[in-house]
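Only the coordinates and a few stated rules stand behind these numbers; no lab work does. Because the structure is predicted, anything quoted here is derived from the model rather than measured. Cβ coordinates were reconstructed from backbone atoms using ideal geometry, including for glycine residues, and neighbour counts include every protein chain displayed.
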Amino acid sequence: MTTQQKPDFDAIAVGAGFAGLALIHHLREAGQTIRVFDKASDVGGTWTWNRYPGAMTDSESYYYCLTFSKELLQEWSWTRRFPDWKETHDYMRFVADKCDMWRDIQLNTEIVSADYQTDTGLWLVKTGDGEAYTCKYFISGMGMISEPVIPKISGMDTFKGPLFHSSRWPREGLDYAGKRVGIIGAGATTVQMLPVMAQDAASVTVFHRTPNFIMPAMQKPMTPEWEKEIKENYDEIVARCRNHSFGMDFNTAGRTMAETPQEDVQKIFEENWKGSFRWVFETFDDLLSNPEANKAARQFIIDKMRERISDPEVADILVPDIDDYALFAKRPPLDHGYLEAYDRDNVHLVDIKDREPIVEITETGLRTTENHYEFDIIVLATGFRAYTGALEAFPIRGASGQSLREKWQDTSNCIMGVCAADFPNLFMITGPQAPFANLPTSIEQNAIWIADCIKKMESEGYDVFKPRKDAEDEWSAHVTDVHQQTLLNDGDKVHSWMMGANIEGHKPRVLIYFGGANVYYDKLRESVDAGFPELEFQKLAG
Ligand code: NAP
């Protein structure tokens, strides 16, 4: 017998990006009512916020999408290998239209707190406009790279022109033609933004700290033949993504560098240099675990980067030294003409690590130890509080009253990135200690696990599930153990967001499961088949 009150919604989810859309589909199928809230004015998540010039996916279009409907896969046509933010955003609106999802989405509404009520087993969710709603299941679909890092630079509030984070690009657009633009940061965002902005801006100056291993994207149009081939083989493509360690439509190399004759290594590297992250996964299977293989890969990328940069001084700043850090300890950016952009007279590079650190932002620009640079616009392309940032941005308080932010002071322990001890009836999509992979693939696998868990709860009459602390300890220990077997610990010394090492005053930690996305998806499935042993199910006393 249960005394649980009827909530306003069975489920409330936050975030109308891929996660919110996938949840609407899978929870409707599970017979649940759901309301998806988003503070943005449109669906799209990342692709509604990141409207900077050049913003585009680093996954290839035809598998950077939701796969729950064969009809959707057949009806949508991508125009190129890597779609820009607008095309991806249009696609997401198309999904919302086709699947009649708008009625379950409430935009322009920020969630400001979510509290688990131990007496009722429901979540109380409050919004910025003063409303409060109850739900049985509270679900985060807020994205793993969505909460910006704003650097602490003195004088930021004195600058007279627009100054904003790259992921908060003005929705009405920004006229930067003929203007002097300063960009702080040189990660994946700047690598995409610079070549496009430089075409129209009077000048673009990049303030650069840590060099990246930059790989070419090699954009190309979607031809009718390619589209036909994709659409005739979607079942296989979806299965390949599901079974790949990075959730992408890649093949495994089927060989290691350790077993490959030295004389063949360069040939294999060269033959596979065809753009995207394929190269990392389709050359050798031990690039991320064998130090020698990783070093050879780094040298290959370094040589390729240097070939494309004309000015040796620029190359010295942009190109990592071979022993700086392991490839993938910092997420490599994909490049659409970034390196060549430095050949333009209106593009400038400032080394703020070794030569002239930033001192302050002034009314008219930015001062380093050596110079004052005059700007009309300053863009902070300074990255994100990955995995935990959005979950910590407003209080989400569990059974003991502790918030996720408080829980995650020193570690970011979690169960498979989907739930956390002390937080009953809370689900997360791609929370901490989930893999870093093609996001739509991971999101769908998480949404399926969540829907299956809810089906069990409802069909067996449970009111509450409690994630088990011992299961959390076990998963976190496993994630740490796997991490130690990779070469990615270097992330700590190069401020990698993959370890939360990019946040000032934040203790670096193991944030990502590196055992392979496919292995992780298998573990989710095993959990469903075994009846969710990580959770304790309860009925409230009547
Ligand atoms: P990022 O890779 O974390 O780069 C941030 C940049 O800002 C780095 O160059 C960093 O320098 C610099 N920085 C941070 N704080 C600074 C400070 N106080 N002073 C000076 N410089 C500072 O961030 P991002 O470029 O936005 O990319 C983040 C992630 O978002 C990517 O790795 C990717 O996963 C995702 N993303 C994806 C796409 C896509 O798939 N299409 C596009 C863009 C971004 P250090 O390196 O020295 O810390």
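Measuring r between the beta carbons of Glu263 and Thr118 and using R0 = 60 Å, the FRET efficiency lands at 0.35.
Counted by neighbouring Cβ atoms within 10 Å, the residues Lys330, Lys407, Lys231 run from fewest to most as Lys231, Lys407, Lys330. The GluC sites (Glu not before Pro) of the range 79-152 that meet both conditions, a loop assignment by DSSP and at most 14 other Cβ atoms within 10 Å of the site Cβ, are Glu131. When the helices of the chain are scored as -39500 (n - 2.57) per DSSP H run of n ≥ 4 and the total is divided over every residue, the value at 222 nm lands at -9000 deg cm²/dmol. Cross-linked pairs Lys179/Lys304; Lys39/Lys160; Lys330/Lys353; Lys98/Lys456; Lys179/Lys220: Cα-Cα separations exceed 25 Å for Lys179/Lys304; Lys39/Lys160; Lys98/Lys456; Lys179/Lys220. Across the chain, Cα pairs under 8 Å and at least six residues apart give a relative contact order of 20 percent. The C-alpha atoms of the chain define a longest principal axis, and helix 469-484 lies at about 20 degrees to it. In the range 434-509, which trypsin sites (Lys or Arg not before Pro) fall in coil by DSSP and have 15 or fewer other Cβ atoms within 10 Å? Passing both the DSSP loop test and the Cβ count: Lys493.
When each of Ser289, Ser459 is scored by the number of other beta-carbon atoms lying within 10 Å, the sequence from fewest to most is Ser459, Ser289.
Report note on the peptides 351-359, 261-269: ranked by the mean count of other C-beta atoms within 10 Å, highest first, their order is 351-359, 261-269. Within the straight-line cut-off of under 17 Å between alpha carbons, the aspartates and glutamates reachable from Lys455 are Asp10, Glu29, Glu444, Asp463, Glu526, Asp529, Glu534, Glu536, sequence neighbours fewer than 8 places apart in one chain being disregarded.
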